[in-house]
Amino acid sequence: MLRNKQALVPYLLLIAALAGGLLWHESQLVPGLGRNVVTGQADIGGSFRLIDQTGKTVSDRDFRGRYMLVYFGYSFCPDVCPTTLGVMAQALEKLGTERARRIVPIFVTIDPARDTPKVLVDYMKAFGPDFIGLTGSEAAIKDAEKKYRVYAVKRPLEKGNYGMDHSSVLYLMGPDGRLVAFYDEAISPEGLAKDLQQKT
């Protein structure tokens, strides 16, 4: 959660980067034009190999053929994370069973030290049986954060405790693993359901 101006700056930079597309480019020879035209796609997302709430190792390839609705946060988050996951749950419910089956709701922790599979299995139950919680080694989580352009920094609290300042973005990844759309934490269940209906 973002609690101070210093933490807000990287968050705004993240949103600006997402809005700008973070494009990789590929040249294509277009018939009739006799020249290459530069096209592109947002360079967000990628491969990961993490551990789900049951202790099973999973990778991004396990979800090929289905859409992934991905959110990065942590179970000790007091407000933004559970609120956003609740929005995801309500939006999927509004889609109906058949449509919702095409979308896998995925929560990736940014706090693997505390969010063990045992912690995540209880946390995910609050949002529905279809939610998948992912954790892993610190290196594996950092790699996923980098690929999804996630900002996450530990913030010391009193008595040796800590919180996490982090960006709050929902990523809709296509059946091929590529970014389809992204949403900020302000989106409503109705707004998210409507857009998912159009894009999946």
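No value in this document is a laboratory result; all are computed from the given coordinates. Computed from a predicted model, the values in this text were never measured in an experiment. Note: ideal-geometry Cβ built from the backbone for every residue, glycine included; neighbour counts use all protein chains shown.
Within the shell of other residues whose beta carbon sits under 14 angstrom from the beta carbon of Leu92, the net charge comes to +2, with Lys and Arg scored +1 and Asp and Glu -1. Averaging 1/r over each pair of different alpha-carbon atoms in the stretch 146-200 and inverting the result gives 13.5 Å, the Kirkwood hydrodynamic radius. Ranked by the mean number of other Cβ atoms within 10 Å per residue, highest first, peptides 127-136, 172-181 order as 127-136, 172-181.
Using a cut-off of 14 Å between beta-carbons, work out the net charge of the residues near Pro117 (Lys and Arg +1, Asp and Glu -1, Pro117 not included). Please list the in-between numbers first.
Details: positive: Lys56, Arg114, Lys118, Lys125; negative: Asp52, Asp111, Asp115, Asp122.
For residues surrounding Pro117, the net value is 0.
By the rule of a C-alpha distance below 25 Å, with chain neighbours fewer than 8 residues away ignored, the lysines paired with Lys159 are Lys5, Lys118.
Karplus-based coupling profile of the stretch 146-163, in residue order and whole Hz: 4, 5, 9, 6, 8, 9, 8, 9, 6, 10, x, 10, 5, 6, x, 7, 8, x, with θ = phi - 60° in 6.51 cos²θ - 1.76 cosθ + 1.60 and x standing for Gly or Pro.
Amide hydrogen proximity for Arg155: with H placed 1.01 Å from N in the peptide plane, the residues at 5 or more positions away or on another chain lying under 5 Å are Gly163, Met164, Asp165.
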